[in-house]
């Protein structure tokens, strides 16, 4: 599903946003839904296969809300902002109470 991003979002500096992939004109996400846990592997494989077909046209970044906890592109979602976000997480939420974002793991405080 393509999502067109507003020009104002695209022009914000990367350091002004948590997510780093804001310079793309649009984003594409693939969602798979199913009821039976038996289908987990096959549906996830289908979604990953669909992504592989469009990946050559991608910017190399990723949108954090489109990823799950085992997504190897997690670091690309935050880019250079990852270290800063991890520091904020360690300082203000060391017990990981606010864990809605499964990709931002708490790090030891520095």
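The values are calculated or read from the model by the stated rules, or taken from the named source; none is laboratory data. The structure presented is a predicted model; accordingly, all values stated were derived computationally and were not measured.
Taking the condition modelled with pLDDT of 75 or more and outside any loop (DSSP other than H, G, I, E, B), does residue 96 pass? No. For residue 78, the requirement of being modelled with pLDDT under 70 and part of a helix (DSSP H, G or I) is not met.
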